[in-house]
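Okay, structure first, notes after.
No lab work stands behind these numbers, since they all come straight from the coordinates. Since the model is a prediction, treat every value here as computed from it, not as a measurement. When we count neighbours, we look across all protein chains shown, and the Cβ atoms used for this are built from the backbone with ideal geometry, even at glycine.
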Amino acid sequence: MSNVGRRLGLNPSTVATIWKNKEAILQAELQGVSTKKLRKPKFKDLDQAMLPRFNNQCQNNVPISGPIVKAKAEKFAEQLGIIDLKASEGWLGKFKHRHNITYGKMNG
């Protein structure tokens, strides 16, 4: 384990994970994204289907609410053959966090 890891009281596996993911961590830092959790979505194809629709709705000034986004996610999931999606408040919060969505508008 490195001296820095020892001084900070980090587990050797934590230090190894940081080194392994250093490029992603540095990129996230440059983009202002939280580096605490750099997790990818469980259903990447669902995110890819949802985001353009969400952006389109925002550009056309169509009101968007949590229940609308969750209902659309469930519809897309059905079309994509995803059977274990739970479009919960937790899912919605993570979707919004991943894409920097606040108060129904896109930032950036």
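Of note:
- Pairs of Cα atoms nearer than 8 Å and 6+ residues apart set the relative contact order; for the chain it is 18 percent.
- Angle in degrees between helix 66-80 and the longest Cα principal axis of the chain, rounded to the nearest 10: 90 degrees
- Taking the C-alpha atoms only, the angle from helix 22-31 to the longest principal axis of the chain is near 50 degrees.
- The slack in the chain from Ile18 to Lys42, taken as 0.36 nm per residue of separation less the alpha-carbon distance, amounts to 6.5 nm.
- Segments 62-72, 7-17 sorted - mean Cβ within 10 Å per residue, highest first: 62-72, 7-17
- Cα-based shape type of the stretch 10-84, given that a ≥ b ≥ c are square roots of the gyration tensor eigenvalues and the cut on a/c is 1.5: prolate
- Whether the stretch 44-106 is rounded, prolate or oblate, judged on the alpha carbon gyration tensor where a/c under 1.5 counts as rounded: prolate
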